[in-house]
1. Tell me which strands (runs of 3 or more DSSP E) are completely within region 278-358 and hold 3 or more residues being modelled with pLDDT under 90 and surrounded by fewer than 16 Cβ atoms within 10 Å (Cβ to Cβ), or say none if there are none.
2. Of (1) under 25 Å from residue 144 (Cβ atoms); (2) open to solvent by less than 30 Å² (accessible area, probe 1.4 Å); (3) in a helix (DSSP H, G or I); (4) not aliphatic (A, V, I, L, M), residue 91 satisfies all except one. Which?
3. Going through 42, 77 one at a time, which residue ends up being touching a residue at least 24 places away in the same chain (Cβ under 8 Å) and buried (at least 17 other Cβ atoms within 10 Å of the Cβ)?
4. Filter region 398-421 for residues that are over 22 Å from residue 143 (Cα atoms) and either of a type in the set (Val, Ile, Thr) or surrounded by fewer than 21 Cβ atoms within 10 Å (Cβ to Cβ) (or both) and give the result.
5. Residues of region 307-349 being of a type outside the set (Val, Ile, Thr), over 34 Å from the mean Cα position of the chain (by Cα) and over 14 Å from residue 293 (Cβ atoms), which ones?
6. Name the pairs: first residue in region 500-515 and within 16 Å of residue 132 (Cα to Cα), second residue charged (D, E, K, R), Cβ to Cβ under 7 Å, at least 6 apart or on different chains?
7. Tally the residues that are free of Cβ contacts under 8 Å to residues at least 60 places away in the same chain, part of a loop (DSSP other than H, G, I, E, B) and either small (Gly, Ala, Ser) or buried (at least 20 other Cβ atoms within 10 Å of the Cβ) (or both), restricting the search to region 247-267.
8. Here is a list: 71, 52, 48, 106. Which entry is of a type in the set (Val, Ile, Thr), touching a residue at least 24 places away in the same chain (Cβ under 8 Å) and not in a helix (DSSP H, G or I)?
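The values are calculated or read from the model by the stated rules, or taken from the named source; none is laboratory data. Fair warning: this is a prediction, and the values are worked out from it, not measured in the lab. Cβ coordinates were reconstructed from backbone atoms using ideal geometry, including for glycine residues, and neighbour counts include every protein chain displayed. The protein model used for the area step is the full one, side chains on, heavy atoms only, and it has no ligands, DNA or RNA in it. Shrake-Rupley method; radii C 1.70, N 1.55, O 1.52, S 1.80 Å.
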Amino acid sequence: MNLLSRFNGNGWLLLPGSATACLLALAIPGHTGWWPLLFVALIPLLLTATHTTPGRSAWMGFVCGLLYHLTLLYWILIVLGRYGRLPWWISTPALVLLAAYLACFTAAFAFLLSRLAGRYRQRERSVALLIWGAPVLWVGLDYLKSIFLSGFPWMDLGYGLFSQPMLIQAADLGGHNLLTFSLILCNSLLAGILSKERNADRGHNRLAKPLLLLACCFLIGIGGYSVVRYQGVEGSITTAQQAQVAVIQGNIDQAVKWSAAFKEATVSQYLKLSQKVLQNSKTQLVVWPETALPFYPQRDALVGRIFDFTTANNTWLLTGAPLFSITTKTDGSELIRYYNGALLIEPSGKMSGQHAKQHLVPFGEFVPFRKYLPFLEPLVVSIGDFTPGTSMEPLVLGPMKLGMLICYESIFPEISRNTVVRGANLLVNLTNDAWYGKSSAPYQSLSMAVLRAVENRRSLIRAANTGISGFVDPLGRVTAQTAIFTEAALTAQVPMLEQATVFGRYGYRFGAACLLLIPLLCLFFRRRRLA
């Protein structure tokens, strides 16, 4: 008798679900970061789901997802409580509700896997359904999570490999979703080897053998491609045109950042750090983080100090700043829109270009259904209610074409891809991770930005208010980075590659293709059962 059938009720499902959640938590950056666990972490979940009914599998998946996301997103309490000034009895349920929402995707994965590949109640299923079904289901649901309700694809499993450049080069084929697919395939292949398959259904066995071999070849091919591609891109980096860039980390306390009494001190801090780094280098571009200017530069005289700085040092400056536009309506009234933006200032002391953030943070930069949720108003009081930008064009200064990623836009692959398609040869991520406090979130945010560099084969420049600031080359190597909550100024030569990638042309559709396959798989196997 199968050991799993000896248990009654759903309580025992806490064990495999919790085991997978714990292994994933240990593997993800920001905690211990033991990335090799990603290759085996899902085995308890996979084995149990294939030997348990769909309903129980869904319960196990939900438990797993809930525990994992509570450990992954605990920093939500810092964002809502410390800086959003919400009481614990609101911020704690908000964290639990977000974790529960994300856990529904894990529950759906376990449910569907049990339906497609389950062998509960003496059902016959080829082990190949587990091995290939699991990665398709997982990545397809990851993609759905990234687009549903504005999307929240925080720390998909492929990002866990960010610190191993030799393993992530295939991202220029299918993005970070392809890395996740490969990790799940490795887990399911090992689970399939551990799982006993009955010999009665020889048709299933005949199908399983070539599909098992195909899975092995796929993983070997991805690994081999990564090694070869690493060597090829490394050669391109050495011959590419270089730009001298400095990033400034002001380490401005979020509690006083928007206080009018401190705005002049904030500007002085950034000017002091910038002047220091310019004394010993031929820097072409200085980059300040998101909302480094805690005022609207279009109507504040303090911006004159910044113009004087760029003129005196003959350098370009890119800085985050709130922006606004005024439109006259047909009735003669004025419509004012506010943006979380970036401002490019040229050496002559003029505004050369600006960019508005496209993907705003729900409940941080705008409040959905605002009039129905008045208790969430403190989250946006200090920064206003922003309008999303629409332009994907890079900001241009000489040979540098800057593709802008403001704040958590770096976790959405399509934003980086869209600006690269329009000619960007550098990616710039301006962010303010002070909201996260001294938690794991800044490290996780950096890990996701690394994959944007690899997918598009572009250097990535990252300026963060409190860290982590630094530089990522087109191979995904973090060539320099700061500590969190420290003042810092870094300078580096960054290569400007122009080559297109498979990801940019077609591979960005990989996650969507997996999502499309899910209903097709369900329909196919439903017809087989009815036949």
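1. 316-328, 334-345
2. Going through the list (1) under 25 Å from residue 144 (Cβ atoms); (2) open to solvent by less than 30 Å² (accessible area, probe 1.4 Å); (3) in a helix (DSSP H, G or I); (4) not aliphatic (A, V, I, L, M), residue 91 breaks only (1).
3. So the residue among 42, 77 that is touching a residue at least 24 places away in the same chain (Cβ under 8 Å) and buried (at least 17 other Cβ atoms within 10 Å of the Cβ) is 42.
4. So the first thing to find is which residues in region 398-421 are over 22 Å from residue 143 (Cα atoms), and the list is 398-404.
Within region 398-421, 398, 399, 401 meet the criteria.
5. Within region 307-349, 308, 312, 313, 314, 329, 331, 332, 333, 334, 348, 349 qualify.
6. Between residues of region 500-515 that are within 16 Å of residue 132 (Cα to Cα) and residues that are charged (D, E, K, R), the close pairs are 511/142.
7. In the first step, residues of region 247-267 are kept if they are free of Cβ contacts under 8 Å to residues at least 60 places away in the same chain; the result is 256, 259-267.
Among the residues that remain, those that are also part of a loop (DSSP other than H, G, I, E, B) are: 256, 259.
Adding the requirement that they be either small (Gly, Ala, Ser) or buried (at least 20 other Cβ atoms within 10 Å of the Cβ) (or both) leaves 259.
Qualifying residue count, region 247-267: 1.
8. Only one candidate qualifies: 52.
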